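Working notes, beginning with the structure itself.
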Amino acid sequence: MKPIRLLAAFVTVGGWTLLSRLLGFARDILIAAFLGAGPVAEAFLVAFALPNMFRRFFAEGAFNTAFVPMFSKKLERSEDEQRIDALTFARDAFAGLGGVLIVFTLIAQLAMPGLVLLMASGFAEDGRFDIAVEMGRITFPYILFISLAALLSGVLNALGYFRAAAAAPVVLNIILVAAMLIGRQIGADIGLALAWGVPLAGLAQLVLVWVAAARAGFRIVPHRPKLTPELKRLAVIAFPAALAGGVMQVNLLVGRQVASFFDGAVAWLNYADRLYQLPLGVVGIAIGVVLLPDLSRRLGAGDDAGGRDAVNRAAEFSLALSVPAAVALIVVPLPLVAVLFQRGAFELSDAAYTARAVAAYGWGLPAFVLIKVISPVFFAREDTKTPFRLALLSMVVNVAVAVGGAPFFGYIAAAWGTTIAAWVNFALLWRASRRFGDAAKMDPRLVRAAPRIFLSALLMGGLLALLVWLFGELVDLPGWRYPALFGLVVIGAVSYGALALATRAVSLAGLRGIVRR
């Protein structure tokens, strides 16, 4: 098997994720303009969240966490018969996952009113409930398509092919944007157009990665599910990961429940989530996608030193990009939200409430990213129980902050609950990783770089705050909004880069080493 070149893989996944997030912005900008923070927008956001919540049980959050290490270790043996064994294993997993999801989707159609109440019980007393139930039944089959697509993406990632899997989310946003624009053009209900676009996009994503896997030599042909010994082992490993994924979804569920009792808050938190998900997706998700198969293959080959180096370089890369992004979200959230979303039905007050949530999420961004770095240390060793137990503790923290703080701080307690719980989760994971020896221990290079990265980002934040204080009114002027925001972003990026070099948070020699790698 060809080795995974970490930096090239990070750039590939991060680049496509960036494009997907930018198109996601375009999607949410149109939703904000056409639907604002009104009942149809909130109903669609809850309906769309339903299949996305459960996909983390069946796909990225659980099944792939167990599947990718097992599949990667089969590939690492590199014998032809082992490759055939890996293909058989992938086909059995595809059939098993598909069979479970077909049954689950049918059950969900009948249980949709209860699922909507589970997501947003504050909808029960108004018209949002019926709209959300109707849209939920339309969107829910997306879970079948996207979960199978996620499994095929795991196959491609383990093979070292990241492009098609990373490009698949772009398809979703293109189709949803097209659905709104076409619906607007022909006078259709934009909310329903969005809802029907979701399963169509899921099918398109599945076709894309299926074709890519077939071209890579892994043509997954559906067949009748059968419970093989390897699938039993996969289920045993995946079950704690599913529970951990369930804990994460409970955290999100708590946030939506709190928000559903405040008019407009479901939409405010969603738009804020979109902003902080941009750097999280580009950096954190890219790191997690690439690092898990790489670590699994290194462990399979007995390369512990290489595994430690991979984790440290991933942490260094993550901090270098996520810390300045977090500082920007904390220091200048309102200009970001106002320029991106404030138009049409999305008013100044909506922008202000969304900006508060953006700043709260910004404080947690480094933790969210570092969790993506350290979790593969456990998953590559097929240890899914420890992350589950620690996720339970962080869930308790989230519930306490979000629910306990809501009467005093309103909807923003949900955002702070998510942020504080993320830091608790990362701290617990880092402490638990000590039993693996040096696997997750900071090496000298990371020890030197980390404080300098934080210093450079703080100095950049001070400069951005000064610029907003001096020229902040430009973002409110129609002809200056986009140039002003663009200038702010460019100045922030250039100043951070210059400060990082000046403080030697990033050395030219280090950059050359990363490029060679």
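Things to note:
- Here r is the Cβ-Cβ distance between residue 261 and residue 118 and R0 is 22 Å; the resulting FRET efficiency, rounded to 0.05, is 0.90.
- Peptide ranges 104-115, 25-36, 453-464 listed from the most packed, as the mean C-beta count within 10 angstrom indicates: 25-36, 453-464, 104-115
- Segment residue 215-residue 105, extension gain: residue separation times 0.36 nm, minus the distance between their alpha carbons: 36.6 nm
- When you count the other C-beta atoms within 10 angstrom of each residue and take the mean per peptide, 356-366, 487-497 line up highest first as 356-366, 487-497.
- Using the Cβ-Cβ distance between residue 250 and residue 470 with R0 set to 35 Å, the FRET efficiency from 1/(1 + (r/R0)^6) comes to roughly 0.20.
- The ellipsoid that matches the Cα gyration tensor of region 116-183 has semi-axes, each √(5λ) in whole angstrom, of 32, 16, 9, with the longest given first.
- Percentage relative contact order, region 138-230, counting C-alpha pairs under 8 Å, at least six apart: 41
- Whole-angstrom gap from region 162-188 to region 444-472, using each part's C-alpha centre: 36
- Inter-label distance, residue 400 to residue 494: 4.7 nm, where each label sits 7 Å from its Cα along the C-beta direction.
- The phi-based Karplus calculation (6.51 cos²θ - 1.76 cosθ + 1.60; θ = phi - 60°) puts the 3J(HN,Hα) values of region 116-127 at 5, 5, 4, 7, 8, 5, x, 6, 4, 9, 9, x Hz, whole numbers, x for Gly and Pro.
- Relative packing of 401-410, 334-343, which averages over residues the other C-beta atoms within 10 Å, highest first: 334-343, 401-410
None of the figures in this text is laboratory data; all of them are computed from the coordinates on show. Remember, it's a predicted structure, so these values are computed and weren't measured experimentally. FYI the Cβ positions are ideal-geometry reconstructions off the backbone, even for glycines, and counts take in every protein chain you see.
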